[in-house]
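J.: Sharing a structure here in structure tokens format.
The values are calculated or read from the model by the stated rules, or taken from the named source; none is laboratory data. Everything numeric in this text was worked out from a predicted model, so none of it was measured. Neighbour counts are summed over all protein chains in view; Cβ atoms, including those assigned to glycine, are modelled from backbone coordinates with ideal geometry. Heads up: the accessible areas ignore ligands, DNA and RNA and are worked out on the full protein's heavy atoms, side chains in. Shrake-Rupley method; radii C 1.70, N 1.55, O 1.52, S 1.80 Å.
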Amino acid sequence: MPTKVALLSRLDFGSPGFRLGLLKLAAQLIEKEGCHFVVLAGGLTSVSAMNADIKAGLKRFVKRDERSKFEEDFVDEAVDFLSKNFPTIKSPEASKNTKIFIVTSPAYDGQLGNLIAARLASKRRHDIVHENHGNAVFDLRIKGRKLAILTPEKATWMRGKYQSTAIQRVLDDWSRIPQGDDITLAGIGCFASDIQKPGGGESALPFFSIPALCHLWQTKVGTESQVGLTILTCEDSGVVTTKSISFNDLLVDERDGISSPPGTSANQKKVVKVLQNEGALTVGQIARRINRTRPSVREALKDLKGSAASKIWPGLIHDETSGKFDFDPIWLKNSLTYNFDQTGLINNRFLSFGCLHAGCVHTKVNWFVKVVPQIILERDINYLVGAGDFVEGTKHNLLVKGEIIDGINNTVQEDYAAYLVSEVMLKVFRARLAARFAAKKPKHSEILNLINEALVQFIYIPGNHCCWIQEAGVNPLNTFRKSLIERLREEISGILKEFVPGFNLNYSDLSSLVIRKVLRVKEDEPLALSSGVKLQVVHPYMGRALTYSARPEQTLGFASGSNLVISANFHVALALSKYQWQGRVGERIEMQLGTIKEKSGFETHLLKHLDTGVGVLDLQSRDGRIVARDTTFYTAPKSDDTLVNRRVFEAFLRASASGSF
């Protein structure tokens, strides 16, 4: 049975960014998901904000015992508030509460936060556990599999341009401490980022980072952008799916959840509306925004300020120093509620691969043609995406270096790539068609639509290896495209005759359908999907970087008009989310893929390890805006596949000899 774990980070209690409403929303979703336990990975409190409050409060006292009592009362009040308001989460196991484990961070919680966490756990023994200060290890309920939760111990040195900079430093520090071999996954909290990195290539240990659960109010590492919730699903097989739910859109419009108090005039409602849209303003600024006189605005503000706070109305405060009016920040922190509407979400499911390198002796073609169709069927994939480098090519003396099967040339390599991709598509097609015929025997008039539903949409671009032949004046992947379309057309026609004997589908209709299902896109132009999500497939001509997220973030910067970017070339797999506040673009996802190669002589000599496998992305969106994503990397096992790979190539040769190409 899979284990589900919910991960939270950065509540930042005590800071201007604390939002109890977000914590309550997360608890509802965790309960709905049926998580077995919850981990708060650092940031229960904000040590910087709380220490500032204590320092300001201590100025009122001179005597030591009074100062000590103030500090003790401050901690007691914090513990009392959290104990009363921290949501209780029902467990999927009957008559139990889901355990909430708190791991505090020396950098973000400090000793004060550590003390508050310990006392909170003491008051809520039935469901809250203060696990550790710094790092902790959790049993995933699967034999031989454990999850390490890491939090930062330092702060100022962790600033960087890219999201993974601080994460990698925390991982590096932790890796120098002796660890057990049964730790198979690591989660890093506090950095308000959302990254997934599979293991097996550059990083021996798979890891992920955890978004914040507060209104981001302070930048420490310089790359914070993610607010939300992470849920891990850990299968017995070792496959891990990371579900990331974004709350960023809720925060952008969080003031829309404020309603004017009962009985307000039209003028007062205009004042409330402008404060919702723009935040704190002076009387003069409000008057200009709503085109009213200052006296009328003062009168409206006086009445609004006199209205008592309620469940929907925060009340107004006036800052004497700046002269600005705004909603009560305490109400925003403790009383504002959020509505996370999950109805009407559209799912787009992608299986993506890059760097197939057909013709290379090190490509795991047997794994590709056998396992990838199974994944597509199990995950009900809509889109198969190929992000370049379908062939190995012949440049750099690869023929004489023994990197290419039987010394096959570029034309045969493209034919071979088409055969491999068609094998995946046809196996899926046959299985889906069989399932539909088993459910209901369709009418002849329905068969064309049935074919369209059963045949997965293939989207692709060439890569730099594909484009080497341009130097000889040859268009890359032309042979690949023709061979792929022809084989799909011929094989689908044959499969249909098996299912519907005597049925003849119009050749033109079948050709048109297949051509639409094999879609080559441009790297510099986004493709608008039916859901409204804009997809861009990119194959950068550059080398990898030691900072894992550098290339994916650069790719996102290039594909600025898209909210989903799929890329390959570095043979390094990684997925990340990045929220773009400007222009209301919203959540953006980059999935960087590894390769289907296990190794190469070139990369071995450069001391490079490869991430071998494919990535699956289940994207949930509304009106083209991304709300959540499920990310899974499927890694090909390391093994000597020489014999079975050879059999796949021989099957291709037989297909070629029979005239399929």
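J.: Quick one: would you say Ile381 is assigned to a loop (DSSP other than H, G, I, E, B) and either polar (S, T, N, Q) or surrounded by 21 or more Cβ atoms within 10 Å (Cβ to Cβ) (or both)? Can you show your working first?
T.: Working: assigned to a loop (DSSP other than H, G, I, E, B): yes; either polar (S, T, N, Q) or surrounded by 21 or more Cβ atoms within 10 Å (Cβ to Cβ) (or both): yes.
The answer is yes for Ile381.
J.: A follow-up question, please. Among the residues of region 616-635, is there at least one that is of a type in the set (Val, Ile, Thr), open to solvent by less than 10 Å² (accessible area, probe 1.4 Å) and more than 28 Å from Gly228 (Cα to Cα)?
T.: Within region 616-635, the subset of a type in the set (Val, Ile, Thr) is 616, 626-627, 631-632, 635.
From the residues that got through so far, the ones that are open to solvent by less than 10 Å² (accessible area, probe 1.4 Å) too are 616, 626, 631-632.
Applying the additional criterion that residues be more than 28 Å from Gly228 (Cα to Cα) yields none.
Looking through region 616-635, none of the residues is of a type in the set (Val, Ile, Thr), open to solvent by less than 10 Å² (accessible area, probe 1.4 Å) and more than 28 Å from Gly228 (Cα to Cα).
J.: Please go through region 265-282 and give me each residue that is open to solvent by less than 30 Å² (accessible area, probe 1.4 Å) and in contact with a Ser or Thr (Cβ under 8 Å, 6 or more places away or on another chain), ordered by number. So that I can check it myself, show each step before the final result.
T.: First, pick out the residues of region 265-282 that are open to solvent by less than 30 Å² (accessible area, probe 1.4 Å): 268, 271-272, 274-276, 279, 281.
Selection gives Gln268, Val272.
J.: Sticking with this one: Take Pro552 and decide whether it is over 19 Å from Asp194 (Cβ atoms) and buried (at least 19 other Cβ atoms within 10 Å of the Cβ).
T.: no
J.: Take region 186-217 and flag every residue that is among the hydrophobic types (A, V, I, L, M, F, W, C), modelled with pLDDT of 85 or more and open to solvent by 10 Å² or more (accessible area, probe 1.4 Å). If you could, list the steps in order and put the result at the bottom.
T.: Residues of region 186-217 that are among the hydrophobic types (A, V, I, L, M, F, W, C), as a first pass: 186, 188, 190-192, 195, 204-205, 207-208, 210, 212-214, 216-217.
If we keep only those that are modelled with pLDDT of 85 or more as well, we get 186, 188, 190-192, 195, 205, 207-208, 210, 212-214, 216-217.
Correct list: Leu205, Leu216, Trp217.
J.: Give the number of residues within region 304-315 that are buried (at least 16 other Cβ atoms within 10 Å of the Cβ) and out of contact with any Pro (no Cβ under 9 Å at 6 or more places or on another chain).
T.: Residues of region 304-315 buried (at least 16 other Cβ atoms within 10 Å of the Cβ): 304, 307, 313-315.
Then drop every residue that is not out of contact with any Pro (no Cβ under 9 Å at 6 or more places or on another chain), which leaves none.
Result for region 304-315: 0.
J.: Please go through region 1-19 and pick out each residue that is surrounded by fewer than 24 Cβ atoms within 10 Å (Cβ to Cβ) and basic (Lys, Arg).
T.: Lys4
J.: Kindly list the number of the only condition in (1) touching a residue at least 60 places away in the same chain (Cβ under 8 Å); (2) closer than 27 Å to Thr233 by Cβ that fails for Ile116.
T.: Answer for Ile116: the failing condition is (2).
J.: Only one residue in Ile447, Ile451, Ile515 is of a type outside the set (D, E, K, R), under 23 Å from Val412 (Cα atoms) and in contact (Cβ under 8 Å) with a residue 12 or more places away in the chain. Which one? Step through it out loud before you land on a result.
T.: Details: Ile447 fails: under 23 Å from Val412 (Cα atoms); Ile451 fails: under 23 Å from Val412 (Cα atoms).
Within the list Ile447, Ile451, Ile515, the selection yields Ile515.
J.: Yes or no: region 455-477 includes at least one residue that is open to solvent by 60 Å² or more (accessible area, probe 1.4 Å), in contact (Cβ under 8 Å) with a residue 12 or more places away in the chain and within 24 Å of Ser352 (Cβ to Cβ). Break it down stepwise before answering.
T.: The initial filter retains those residues of region 455-477 that are open to solvent by 60 Å² or more (accessible area, probe 1.4 Å), namely 470-475.
Now narrow it down to the ones that are in contact (Cβ under 8 Å) with a residue 12 or more places away in the chain: 474.
Applying the additional criterion that residues be within 24 Å of Ser352 (Cβ to Cβ) yields none.
No: zero hits.
J.: Got a sec? Which of Ala148, Ala107 is in a strand (DSSP E or B), in contact (Cβ under 8 Å) with a residue 12 or more places away in the chain and either closer than 17 Å to Ala186 by Cα or within 26 Å of the chain's Cα centre (by Cα) (or both)?
T.: On the way: Ala107 fails: in a strand (DSSP E or B).
Sole residue among the options that is in a strand (DSSP E or B), in contact (Cβ under 8 Å) with a residue 12 or more places away in the chain and either closer than 17 Å to Ala186 by Cα or within 26 Å of the chain's Cα centre (by Cα) (or both): Ala148.
J.: Looking at region 384-397 only, could you name the residues that are touching a residue at least 24 places away in the same chain (Cβ under 8 Å) and part of a loop (DSSP other than H, G, I, E, B)?
T.: Gly388, Asp389, Phe390, Glu392, Gly393, Thr394, Lys395, His396 - these are the residues of region 384-397 that are touching a residue at least 24 places away in the same chain (Cβ under 8 Å) and part of a loop (DSSP other than H, G, I, E, B).
J.: Hey, another quick one. Of all residues in region 624-640, which are of a type in the set (D, E, K, R), at pLDDT 90 or above and more than 23 Å from Cys234 (Cβ to Cβ)? Break it down into steps so the answer makes sense when it comes.
T.: Step one: filter region 624-640 for residues of a type in the set (D, E, K, R), giving 625, 629-630, 638, 640.
Subsequent filtering for residues that are at pLDDT 90 or above retains 625, 629-630.
The answer is Arg625, and nothing else.
J.: Inspect all residues belonging to region 596-606 and state whether any of them is open to solvent by 10 Å² or more (accessible area, probe 1.4 Å), under 22 Å from Asp172 (Cα atoms) and either at pLDDT below 90 or among the aromatic types (Phe, Trp, Tyr) (or both).
T.: Looking for residues that are open to solvent by 10 Å² or more (accessible area, probe 1.4 Å), under 22 Å from Asp172 (Cα atoms) and either at pLDDT below 90 or among the aromatic types (Phe, Trp, Tyr) (or both), one finds at least one in region 596-606, hence yes.
J.: With among the aliphatic types (A, V, I, L, M), within 24 Å of the chain's Cα centre (by Cα) and either more than 23 Å from Gln218 (Cβ to Cβ) or in a loop (DSSP other than H, G, I, E, B) (or both) as the only criterion, which of Leu40, Leu7, Leu11, Leu22 stands out? Step through it out loud before you land on a result.
T.: Details: Leu40 fails: either more than 23 Å from Gln218 (Cβ to Cβ) or in a loop (DSSP other than H, G, I, E, B) (or both); Leu7 fails: either more than 23 Å from Gln218 (Cβ to Cβ) or in a loop (DSSP other than H, G, I, E, B) (or both); Leu22 fails: either more than 23 Å from Gln218 (Cβ to Cβ) or in a loop (DSSP other than H, G, I, E, B) (or both).
Only one candidate passes the filter, namely Leu11.
J.: Right, next: Looking only at region 560-595, which residues are without any contact (Cβ under 8 Å) to a residue 40 or more places away in the chain and either within 16 Å of Pro198 (Cα to Cα) or open to solvent by less than 10 Å² (accessible area, probe 1.4 Å) (or both)?
T.: Passing the criteria: Ser562, Val565, Phe570, Glu590.
J.: To continue, here is another question. Based on this model, can you work out whether Leu40 counts as open to solvent by 10 Å² or more (accessible area, probe 1.4 Å) and more than 21 Å from Trp331 (Cα to Cα)? Even if it seems obvious, please write down each step before you answer.
T.: Numbers: open to solvent by 10 Å² or more (accessible area, probe 1.4 Å): no; more than 21 Å from Trp331 (Cα to Cα): yes.
When the stated conditions are applied, Leu40 does not pass them.
J.: Among the residues of region 528-547, is any surrounded by fewer than 17 Cβ atoms within 10 Å (Cβ to Cβ), in contact (Cβ under 8 Å) with a residue 12 or more places away in the chain, polar (S, T, N, Q) and more than 30 Å from His444 (Cβ to Cβ)?
T.: Checking region 528-547: at least one residue is surrounded by fewer than 17 Cβ atoms within 10 Å (Cβ to Cβ), in contact (Cβ under 8 Å) with a residue 12 or more places away in the chain, polar (S, T, N, Q) and more than 30 Å from His444 (Cβ to Cβ).
J.: Given the condition among the β-branched types (Val, Ile, Thr) and either touching a Cys at 6+ places or on another chain (Cβ under 6 Å) or in a strand (DSSP E or B) (or both), answer yes or no: does some residue in region 74-96 qualify?
T.: Checking region 74-96: not a single residue is among the β-branched types (Val, Ile, Thr) and either touching a Cys at 6+ places or on another chain (Cβ under 6 Å) or in a strand (DSSP E or B) (or both).
J.: Here is a check on your reading of the model: is Gly557 open to solvent by 20 Å² or more (accessible area, probe 1.4 Å), touching a residue at least 60 places away in the same chain (Cβ under 8 Å) and not acidic (Asp, Glu)?
T.: Details: open to solvent by 20 Å² or more (accessible area, probe 1.4 Å): yes; touching a residue at least 60 places away in the same chain (Cβ under 8 Å): no; not acidic (Asp, Glu): yes.
For Gly557, the condition - open to solvent by 20 Å² or more (accessible area, probe 1.4 Å), touching a residue at least 60 places away in the same chain (Cβ under 8 Å) and not acidic (Asp, Glu) - is not met.
J.: Shifting gears a bit: Looking at region 334-377 only, could you name the residues that are outside any loop (DSSP other than H, G, I, E, B) and open to solvent by 40 Å² or more (accessible area, probe 1.4 Å)? Full working, then the answer.
T.: So the first thing to find is which residues in region 334-377 are outside any loop (DSSP other than H, G, I, E, B), and the list is 334, 346-353, 358, 360, 363, 365-377.
The answer is Asn334, Ile346, Asn347, Arg349, Lys370, Val371, Gln374, Leu377.
J.: Among Val62, Val103, Val75, which is open to solvent by 40 Å² or more (accessible area, probe 1.4 Å) and of a type in the set (A, V, I, L, M, F, W, C)?
T.: Details: Val103 fails: open to solvent by 40 Å² or more (accessible area, probe 1.4 Å); Val75 fails: open to solvent by 40 Å² or more (accessible area, probe 1.4 Å).
Within the list Val62, Val103, Val75, the selection yields Val62.
J.: Given the criteria more than 24 Å from the chain's Cα centre (by Cα) and of a type in the set (A, V, I, L, M, F, W, C), does Val500 qualify?
T.: Details: more than 24 Å from the chain's Cα centre (by Cα): yes; of a type in the set (A, V, I, L, M, F, W, C): yes.
Considered against the rule, which asks whether it is more than 24 Å from the chain's Cα centre (by Cα) and of a type in the set (A, V, I, L, M, F, W, C), Val500 comes out as yes.
J.: Only residues that are open to solvent by 10 Å² or more (accessible area, probe 1.4 Å) and either farther than 18 Å from Leu205 by Cα or modelled with pLDDT of 90 or more (or both): list them for region 143-164, please.
T.: Residues satisfying the conditions are Lys146, Glu153, Lys154, Ala155, Thr156, Trp157, Arg159, Gly160, Lys161, Tyr162.
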